[in-house]
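Trainee: Sharing a structure, written as structure tokens. Questions coming.
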Amino acid sequence: MSYPVDQLPDISVIGGTWTIVSTRDCAYGRPVEVGQAHFPGWEWPYQPKACPIQHGSWYLDGTLLLCNGCGTDGT
Ligand SMILES: [Zn+2]
């Protein structure tokens with residue numbers, strides 16, 4: 001699951017900005033649009049379409065889960 005792309009939480013409070021990326025839904029293989037977070041001076045090691053990472057980290061007091069590999073919203 002993830003936030004609808006028009007309802008992404010405000011990450012400017014932690015210095016971040018969103019872009020919208022098209023990736024594949026893990027369960028169904030359909031193209032889906034998700035938010036990808038960007039932080040100054042930080043680049044994610046993987047692109048969302050080719051991300052092998054299955055784990056994320058929680059931000060914003062546990063209301064936002066970002067993939068550790070590509071920074072997409074996995075809340
Ligand atoms: Zn990822």
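The values are calculated or read from the model by the stated rules, or taken from the named source; none is laboratory data. What you are looking at is a predicted structure, and each value in this text was computed from that prediction instead of being measured. Here Cβ is always computed from backbone atoms with ideal geometry, including for glycine, and neighbour counts include all displayed protein chains.
Trainee: If you go through region 35-75, how many residues are in contact with a strand residue (DSSP E or B) (Cβ under 8 Å, 6 or more places away or on another chain) and acidic (Asp, Glu)?
Mentor: 1
Trainee: Continuing with the same structure: Being touching a residue at least 12 places away in the same chain (Cβ under 8 Å) and either in contact with a Gly (Cβ under 7 Å, 6 or more places away or on another chain) or among the aromatic types (Phe, Trp, Tyr) (or both): is that true of GLY74 here?
Mentor: Working: touching a residue at least 12 places away in the same chain (Cβ under 8 Å): yes; either in contact with a Gly (Cβ under 7 Å, 6 or more places away or on another chain) or among the aromatic types (Phe, Trp, Tyr) (or both): yes.
When the stated conditions are applied, GLY74 passes them.
Trainee: Out of (1) within 11 Å of the ligand (Cβ to nearest atom); (2) in a loop (DSSP other than H, G, I, E, B), what's the single condition that is false for THR75?
Mentor: (1)
Trainee: Read through the list (1) under 16 Å from LEU65 (Cβ atoms); (2) touching a residue at least 24 places away in the same chain (Cβ under 8 Å), then give the number of the only condition that LYS49 fails.
Mentor: Checking LYS49 against (1) under 16 Å from LEU65 (Cβ atoms); (2) touching a residue at least 24 places away in the same chain (Cβ under 8 Å), the one that fails is (1).
Trainee: Which condition number in (1) within 13 Å of the chain's Cα centre (by Cα); (2) at negative phi is the one that ARG30 fails?
Mentor: (1)
Trainee: Taking SER12 and the conditions (1) within 15 Å of the ligand (Cβ to nearest atom); (2) loosely packed, with under 10 Cβ neighbours inside 10 Å, which numbered condition does it fall short on, given that it satisfies the others?
Mentor: Exception for SER12: condition (1).
Trainee: Within region 21-66, restricting attention to residues that are of a type in the set (Ser, Thr, Tyr), surrounded by 10 or more Cβ atoms within 10 Å (Cβ to Cβ) and assigned to a loop (DSSP other than H, G, I, E, B), which residue is nearest to the ligand (Cβ to nearest atom)?
Mentor: Once the filter is applied, the top-ranked residue is TYR46.
Trainee: Return yes when GLN54 is free of Cβ contacts under 8 Å to residues at least 24 places away in the same chain and at negative phi and no when it is not. Steps first, please.
Mentor: On the way: free of Cβ contacts under 8 Å to residues at least 24 places away in the same chain: yes; at negative phi: yes.
Criteria met by GLN54.
Trainee: Then there's this: Assuming TYR3 fulfils every condition listed in (1) aromatic (Phe, Trp, Tyr); (2) modelled with pLDDT under 95; (3) in contact with a Leu (Cβ under 6 Å, 6 or more places away or on another chain) apart from one, which condition is it?
Mentor: (3)
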